[in-house]
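*Asks:* Before I ask anything, let me first share the structure, which is written out below as C-alpha cells.
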Amino acid sequence: MGLTHGIHGWTDVAVPDLEAGMAFYTGVFGWDVVDGGGGDVAPYTMFAVDGKLVAGMGLLGPDQAATGEPPSWSAYIIVDDVESTFIRALELGAVPLLEPTRIMDAGKMCFIMDPVGAPIGFWEAGSHGGAEVFNLPNTITWNDLGCRDVASATSFYGELLGWEVSPMDMGDGTIYWTISNDGRMNGGIWDVSGYPSDEIPTHWLNWFRVADCAGTAARIEELGGTVQRGPQPSGVGISAMVADPFGATFGIIETDQVDDQPPR
C-alpha cells in the first residue's frame with residue numbers, strides 16, 4: 001500500500017547549484033544524500049534520514065533561470081491517477097503549468113496553479129511512493145497555503161480531493177483553517193490578504209520539524225541562509241520562516257506534539 005490519495009506526500013527544492021544546495025541542507029538537517037537519477041541531463045538528489053527518504057532537490061532549469069523564476073520548494077500531493085486529477089483541476093479553474101509527465105519508472109507528475117494563484121504538484125506513485133517518514137525531527141511535518149481567498153481555495157481542494165476544512169481560532173483574532181484528508185490532519189490554510197502581495201505572495205509552504213528551532217535558525221544563518229521571521233512561539237510550538245542561500249523559503253518548527261506516521 002502507498003500513501004493515501006490526497007495527502008501531502010513529497011517535497012523538493014530547485015536550486016541553481018546542486019553541490020552548494022547539498023552542503024547547505026545536509027549541514028542544516030543532517031540529511032544523507034541519495035542519488036535520485038536523471039544523469040547529467042536532469043540530475044536529481046534525494047535526502048534521507050536513517051535510510052528513509054524525506055525530500056528531494058533538483059537543478060533550477062535554464063528556462064526558469066532565464067525568466068527570473070526564483071529557487072523554491074515545491075509541494076506534491078499524492079493522487080491515485082494524475083491524469084484525471086489534472087483534467088478535473090482545470091475544470092475547476094486551475095491553470096496548467098506542467099501536463100502529466102512520466103518520470104522514468106518513478107511515477108507520473110503534473111503541476112498546476114490553483115484558482116487562488118498557488119503552484120502545486122501532484123504525484124502518482126510508481127517505484128517512488130513519496131516520503132518514507134514524516135513528523136519526526138528533520139522531516140516534513142506540515143504544509144500550509146497562504147492565500148487571499150480562503151473560500152475559493154477550500155471549494156477547489158474540497159471538490160478536487162475531498163478535503164474537509166475547519167476553522168480554528170488562533171486566540172489573537174485570526175482564524176486558521178485546518179485541512180483533513182480521509183479523517184487525518186493534512187495541513188492548513190491562512191488568509192494573507194492583510195499583507196502586500198509582493199511581501200507575501202500566494203504560496204504553499206513546507207514545514208520541517210526540528211528538535212531545536214533557535215539552534216537550527218542559527219545554523220541556517222551560519223551556512224548562508226536567512227531567517228525571515230522568528231523563532232517565535234506559535235500555537236503548537238516554536239517556529240521560524242527561513243530561506244536557503246538561494247532564496248527558497250521554508251518553515252521550521254519545534255514542537256512537543258506527537259504525530260503518528262500516515263497510513264500506507
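The values are calculated or read from the model by the stated rules, or taken from the named source; none is laboratory data. In this text the structure is predicted, and so the values were computed from the model without any measurement. Note that we place each Cβ from the backbone using ideal geometry, even for glycine, and neighbour counts take in every protein chain shown. What goes into the accessible areas is simple: the full protein's heavy atoms, side chains included, and nothing from ligands, DNA or RNA. Shrake-Rupley method; radii C 1.70, N 1.55, O 1.52, S 1.80 Å.
*Asks:* Which of the residues belonging to segment 136-182 are aliphatic (A, V, I, L, M), without any contact (Cβ under 8 Å) to a residue 24 or more places away in the chain and closer than 30 Å to Ile87 by Cβ?
*Replies:* Answer for segment 136-182, where residues must be aliphatic (A, V, I, L, M), without any contact (Cβ under 8 Å) to a residue 24 or more places away in the chain and closer than 30 Å to Ile87 by Cβ: Ala151, Ile179.
*Asks:* Can you tell me which residues in segment 138-186 are of a type in the set (Phe, Trp, Tyr), open to solvent by 30 Å² or more (accessible area, probe 1.4 Å) and either out of contact with any Phe, Trp or Tyr (no Cβ under 9 Å at 6 or more places or on another chain) or under 30 Å from Gly27 (Cα atoms) (or both)?
*Replies:* Trp142
*Asks:* Another question about this same structure. So how many residues does segment 193-215 have that are open to solvent by less than 40 Å² (accessible area, probe 1.4 Å) and not in a loop (DSSP other than H, G, I, E, B)?
*Replies:* Summing the residues that are open to solvent by less than 40 Å² (accessible area, probe 1.4 Å) and not in a loop (DSSP other than H, G, I, E, B) in segment 193-215 gives 9.
*Asks:* Given the conditions (1) over 23 Å from Asn181 (Cβ atoms); (2) open to solvent by less than 20 Å² (accessible area, probe 1.4 Å), and given that Leu60 satisfies all but one, which numbered condition is not satisfied?
*Replies:* (2)
*Asks:* List pairs: first residue in segment 107-118 and at positive phi, second residue surrounded by 18 or more Cβ atoms within 10 Å (Cβ to Cβ) and in a strand (DSSP E or B) anywhere in the structure, Cβ distance under 8 angstrom, at least six positions apart or on different chains.
*Replies:* Once the first residue is at positive phi and sits in segment 107-118, its partners that are surrounded by 18 or more Cβ atoms within 10 Å (Cβ to Cβ) and in a strand (DSSP E or B) give Gly107/Trp123; Gly107/Glu124; Gly107/Ala125; Gly117/Cys147.
*Asks:* Which of the residues belonging to segment 114-137 are under 14 Å from the mean Cα position of the chain (by Cα) and either more than 25 Å from Thr26 (Cβ to Cβ) or not in a loop (DSSP other than H, G, I, E, B) (or both)?
*Replies:* Of everything in segment 114-137, those that are under 14 Å from the mean Cα position of the chain (by Cα) and either more than 25 Å from Thr26 (Cβ to Cβ) or not in a loop (DSSP other than H, G, I, E, B) (or both) turn out to be Ala118, Pro119, Ile120, Gly121, Phe122, Trp123.
*Asks:* Further question: Counting only residues that are open to solvent by 10 Å² or more (accessible area, probe 1.4 Å) and part of a strand (DSSP E or B), how many does segment 216-255 have?
*Replies:* Qualifying residue count, segment 216-255: 16.
*Asks:* Within segment 200-219, is even one residue under 27 Å from Pro71 (Cβ atoms) and without any contact (Cβ under 8 Å) to a residue 12 or more places away in the chain?
*Replies:* Scanning segment 200-219, I find at least one residue that is under 27 Å from Pro71 (Cβ atoms) and without any contact (Cβ under 8 Å) to a residue 12 or more places away in the chain, so the answer is yes.
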